[in-house]
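A quick write-up on the structure given underneath.
The values are calculated or read from the model by the stated rules, or taken from the named source; none is laboratory data. Keep in mind it's a predicted model, so treat the numbers as computed, not measured. Reconstructed Cβ throughout: ideal geometry from the backbone, glycine too, with neighbour counts over all protein chains shown.
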Amino acid sequence: MEIVLYVILGILIIAILWLIAIYNGLIKLRNRADEAWSDIDVQLKRRYDLIPNLVETVKGYATHERELFEKVTRARASAMSAKGIEEKGKAENMLSDTLKSLFAVVENYPDLKASDNFAKLQDELSDTENKIQASRRFYNGQVRDFNTKTEIFPNNMVASWIKFKKYEFFETGENEKENIEVKF
């Protein structure tokens, strides 16, 4: 009888340790995904801070492009106020499109392209865009790992019991997937 009690107690202890290990693994992956999202936020903040300076620099040269400046400003405000991963992704893609339009207009102003201030801002923005892309890839990798861990058996039972929800990937907009048309 005593041996049966020890076996049952041993099985119970192993089950509890197994649950603790799964829970701690899920928490670790969730925290990594949250940290990765925070990295994206940091880079987006940097981008938001650069855009007004860039717009003001271009305004000095391209005074008749008012509609474009307003569009960039609206896109920036929309991106800054977006909530949730999906809404944030759509707003960021819209902001990227308006920035592309801004740089297309710059092509019409050789003096602006030659400006040191503009060149520095453009380099900073380009660097920030690269960091955003790297942060997005890192975030999506963390999301993949977390979602996989929460979906595989037997972790899925523990994850649903604790009410862990899947994370959404930070996806590229459809317009960013299109081929760029180059004309000579």
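Remarks
- Applying the criterion of being closer than 16 Å to Glu129 by Cβ and among the acidic types (Asp, Glu) to the residues of region 86-98, the residue that is surrounded by the most Cβ atoms within 10 Å (Cβ to Cβ) is Glu92.
- Residue that is nearest to Ile85 (Cα to Cα) [pool: residues in region 36-55 that are touching a residue at least 60 places away in the same chain (Cβ under 8 Å) and among the charged types (D, E, K, R)]: Asp39
- Checked against (1) modelled with pLDDT under 90; (2) under 23 Å from Gln142 (Cα atoms); (3) surrounded by fewer than 18 Cβ atoms within 10 Å (Cβ to Cβ), Arg66 meets all criteria but (2).
- Selection of helices (runs of 4 or more DSSP H) fully inside region 69-168 by the criterion of at least 2 residues being under 20 Å from the mean Cα position of the chain (by Cα) and under 25 Å from Leu26 (Cβ atoms) returns 85-106, 116-151.
- Output for region 99-120, where each listed residue is at pLDDT 80 or above and either of a type in the set (A, V, I, L, M) or buried (at least 19 other Cβ atoms within 10 Å of the Cβ) (or both): Leu99
- Within region 28-39, one or more residues are out of contact with any Asp or Glu (no Cβ under 9 Å at 6 or more places or on another chain), within 28 Å of Phe164 (Cα to Cα), part of a helix (DSSP H, G or I) and among the hydrophobic types (A, V, I, L, M, F, W, C).
- Subset of region 127-151 [at pLDDT 90 or above and among the hydrophobic types (A, V, I, L, M, F, W, C)]: Ala134, Phe138, Val143, Phe146
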